[in-house]
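Structure, as structure tokens:
The values are calculated or read from the model by the stated rules, or taken from the named source; none is laboratory data. Given the structure is predicted, the values throughout are model-derived calculations rather than measurements. Here the Cβ is made from the backbone with ideal geometry for all residues, glycine too, and neighbour counts use every protein chain on show.
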Amino acid sequence: MISLHGLTKVFPGGVRALDGIDLTIGDGEFFALLGPSGCGKTTLLRTIAGLETAGSGTISINQRDVTCLPPGRRNVAMVFQDYALFPHMDVTENIAYPLRIRKVPRAERLAKAADVARRLSLSELLRRRPAQLSGGQQQRVALARAIACHPTAFLFDEPLSNLDARLRLEARTFLKRLQRELAVTTVFVTHDQAEALALADRIAVMSRGRMIQVGTPAEVFQRPATTFVASFIGSTPMNLLPARAAGGSLYAAGAVLPAPAGLTDGDDLVYGVRPEYMDLSPTERPDAFPGTVSVLENLGTSTLVTLEEGGTFVQAVVDEGDEPRLGDHAWAVPRRALVYRDGELLAP
Amino acid sequence: MARPMSAVDAAGLGRGRAVGFVLPALVLIGVFLVFPALWTIYLGLTDYRLTGLAAANPQVVGLDNYTDALRDPRFLGSLWLTVGYVGGSAVLGQAVLGFALAWVLRTRTGRLRRLVEGVVLLSWILPSTVVGFLWFALLDRDDGTLNALLNTPGFAWLLDHPLLSIIVFNVWRGTAFSMMLYSAALENVPPSHLETARLAGASVFQQLRDVVLPLIRRHVLTNLLLISLWTFNDFTPFVLTGGGPEGRSEILPIYVYNVALRGGELGAGAAVSFLILLINLAFALVYLRLLRDRRRREAALTGGPPA
């Protein structure tokens, strides 16, 4: 278990990389830190590792306060984006390196390295140097090195970003299965929302050194707490349309929609609908966004349709075979929507 | 395009014009480098002197100059002094201190780093003779700055510890080069490698041994070769001690000067110069061998089939 209390980090020059972070990560949990570059997610990971010192606040790992301990005494293992394999050591020496530093006898650490390597299908490669390995193999060696020293937590910095697209999907499945098997608390950093949704048990979405929302992938995807999270999560960006409440209804981009309770007329609102939760209608309806089909993007099993009306764009995803033609007039009917006031999600 | 020359003659000059371009440089090298070298070898085989009968009519004496030099305790003593001077000031002094400075400054930015770099560089860009006289003023027995600072009036640093004096002097003068070279080398060490070692619990010594030195090995070899050769051929200590007292700081370049120009025995001096050349050549060959071994091993490793 990793507990963070009031963690703050200010870099020289005044950049607040971490701004009062409170977080508890449960035993065996697979936890993602997600956000755009510069949001503080990597700094948070490095602070947990001890590579950065916190300005204030405390970090404890398994009820042990490690705030002031050097990285080597926190019993955590980190896998870096570039894997950081030592080029002059072969696979065995790389995997066994942390054990060597801990003065584990040679025979024991070689046996341990061979054992971990077998689990990760690296047995054939034990005598190779990193330069002779493919990207996927290098990643597994880095994982093996992290596993071999039995840490209380794994910290992964963008573990999949150096792999090509096809390999990344394989490695993702592999990583998730491995983490389940080992059941070691794992924190990983990513800027890829799809990766975070696919891998994590829980996600923290970060922006400017703060945690905007912490929740399961389903919670974060279905009910993004702010318009920032809403625009960040989802493989096609959510439609975020300026809206106005009047007389119990919502007016947004040419549609008249039912308003949730608790709104006062004249509120500054944003109406959010994911393109996947839009239906396209060829006939006019008052509760739909009208527009002319201006762009069609083929997504394989579906197509992303962009409707344009007076400078406002609305996007909808339609199944294959149901695509309208370019220039057609169409109405996008929201199935499931969220309403934001001042950037914050309104309770339904 | 089908001309047979085009494969090797990228500039399309043709042989004649290419030779025309290279010729001036070759002539200069021939006149100022190859000819004096050959002339030195010839002189080393004669009893040529600066003055007297042998100056007008030198006789070829074969290898006498070489056998004399190798039997001369003054030459052998000078050789040992030079080994001490190179080992103490170049390898132990400049390389170790330069690396230490580069390592300490690697994570520093801002004023402290600029200050240290500036001061160290200043000692490097000053002309050697100027630095020599500055140090002479520092170490002087009667009015020296060091004696004033330490309150040890009349202590004769240059007379009592001549070799130590010129070693410290050369460390002061030459550390900047090693520091800059190692600073550049350390930039090539990925921070994630050091951090991986730190997370494993490695001490600074272990980080240097397991991560840094294997990665910057080639820089270390290049640095050691260059500063060893420069220091081996360094004449500047002459400004401080003139080789004295009693030859206790007479390193080989000063020995050659004293024999050939002060003693007037140009033939003997030329022979010793040639011996110095051979020693330098040996240094360079050992270094090239070390580099080549390394490269061959790396080639053998990366040549394996990637799976």
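Here are the numbers:
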item: Within segment B:1-88, helices (runs of 4 or more DSSP H) holding 1 or more residues that are under 27 Å from B:PHE238 (Cα atoms); result: B:35-44, B:53-56, B:64-71, B:73-85
item: Condition met for B:SER228 (within 16 Å of the chain's Cα centre (by Cα), away from every other protein chain (no Cβ under 14 Å), part of a helix (DSSP H, G or I) and closer than 15 Å to B:GLY87 by Cα); result: yes
item: Which numbered condition B:ASP234 fails, given (1) under 23 Å from B:LEU126 (Cα atoms); (2) part of a helix (DSSP H, G or I); result: (2)
item: Residue list for segment A:148-169, filter: within 13 Å of chain B (Cβ to nearest Cβ) and in contact (Cβ under 8 Å) with a residue 60 or more places away in the chain; result: A:CYS149, A:PRO151, A:THR152, A:ALA153, A:PHE154, A:LEU155, A:PHE156, A:ASP157, A:GLU158, A:PRO159, A:ASN162
item: Criterion violated by B:SER165 - all others in (1) at pLDDT 85 or above; (2) of a type outside the set (D, E, K, R); (3) under 27 Å from B:ARG217 (Cβ atoms); (4) surrounded by 15 or more Cβ atoms within 10 Å (Cβ to Cβ) satisfied; result: (3)
item: Residue satisfying all of: in segment B:192-221; assigned to a loop (DSSP other than H, G, I, E, B) and of a type in the set (A, V, I, L, M); farthest from the other protein chains (Cβ to nearest Cβ) among these; result: B:ILE216
item: Sole residue being more than 22 Å from B:LEU45 (Cβ to Cβ) and outside any helix (DSSP H, G or I), chosen from B:GLY243, B:GLY264; result: B:GLY243
item: A:GLN179, sole failed condition from (1) surrounded by 23 or more Cβ atoms within 10 Å (Cβ to Cβ); (2) over 16 Å from A:GLY343 (Cβ atoms); result: (1)
item: Matching option when the condition is crowded, with 21+ Cβ neighbours inside 10 Å and at pLDDT below 90, among A:PRO237, A:PRO275, A:PRO159, A:PRO258; result: A:PRO159
item: Pairs with Cβ under 8 Å, 6+ apart, first in segment B:149-174 and under 22 Å from B:PRO127 (Cβ atoms) and of a type in the set (Ser, Thr, Tyr), second assigned to a loop (DSSP other than H, G, I, E, B) and at pLDDT 85 or above; result: B:SER165/B:SER249
item: Number of the exception - B:THR175 against (1) among the β-branched types (Val, Ile, Thr); (2) crowded, with 19+ Cβ neighbours inside 10 Å; (3) within 14 Å of another protein chain (Cβ to nearest Cβ); result: (3)
item: Near pairs, Cβ below 8 angstrom, 6+ apart or cross-chain, from segment A:98-110 (on the phi < 0 side of the Ramachandran plot and among the basic types (Lys, Arg)) to any residue that is in a loop (DSSP other than H, G, I, E, B) and buried (at least 17 other Cβ atoms within 10 Å of the Cβ); result: A:ARG102/A:CYS149; A:ARG102/B:ALA200; A:ARG102/B:GLY201
item: Subset of segment A:76-119 (residues that are within 28 Å of the chain's Cα centre (by Cα), closer than 23 Å to A:GLU181 by Cα and surrounded by fewer than 18 Cβ atoms within 10 Å (Cβ to Cβ)); result: A:GLN81, A:ARG119
item: Inter-residue pairs, beta-carbon under 8 Å, first in contact (Cβ under 8 Å) with a residue 40 or more places away in the chain and more than 8 Å from chain B (Cβ to nearest Cβ) and in segment A:121-138, second among the hydrophobic types (A, V, I, L, M, F, W, C) and in a helix (DSSP H, G or I), 6+ apart; result: A:PRO130/A:VAL91; A:PRO130/A:VAL141
item: Which numbered condition A:THR292 fails, given (1) surrounded by fewer than 19 Cβ atoms within 10 Å (Cβ to Cβ); (2) under 17 Å from A:PRO237 (Cα atoms); (3) modelled with pLDDT of 90 or more; result: (2)
item: Failed item in (1) among the acidic types (Asp, Glu); (2) within 14 Å of chain A (Cβ to nearest Cβ); (3) over 30 Å from A:PRO151 (Cα atoms), with B:ASP140 passing the rest; result: (2)
item: Flag for A:LEU143 being hydrophobic (A, V, I, L, M, F, W, C), within 22 Å of A:ASP90 (Cβ to Cβ), away from chain B (no Cβ under 11 Å) and surrounded by 21 or more Cβ atoms within 10 Å (Cβ to Cβ); result: yes
item: Residues of segment A:36-53 satisfying the condition of being surrounded by 23 or more Cβ atoms within 10 Å (Cβ to Cβ) and at positive phi; result: A:GLY40, A:GLY50
item: Search result, residues across segment B:148-163 that are in a helix (DSSP H, G or I) and out of contact with any helix residue (DSSP H, G or I) (no Cβ under 8 Å at 6 or more places or on another chain); result: B:ALA148, B:LEU149, B:LEU150, B:LEU159, B:ASP160
item: Filtered residues of segment B:94-116 (kept if in contact (Cβ under 8 Å) with a residue 40 or more places away in the chain and more than 19 Å from B:LEU229 (Cα to Cα)); result: B:LEU101, B:ALA102, B:TRP103, B:LEU105, B:ARG106
item: Sole exception among (1) β-branched (Val, Ile, Thr); (2) part of a helix (DSSP H, G or I); (3) within 14 Å of chain A (Cβ to nearest Cβ) for B:VAL189, by number; result: (2)
item: Candidates B:PRO253, B:PRO245, filtered to the one that is buried (at least 19 other Cβ atoms within 10 Å of the Cβ), farther than 30 Å from A:ALA153 by Cβ and more than 14 Å from every other protein chain (Cβ to nearest Cβ); result: B:PRO253
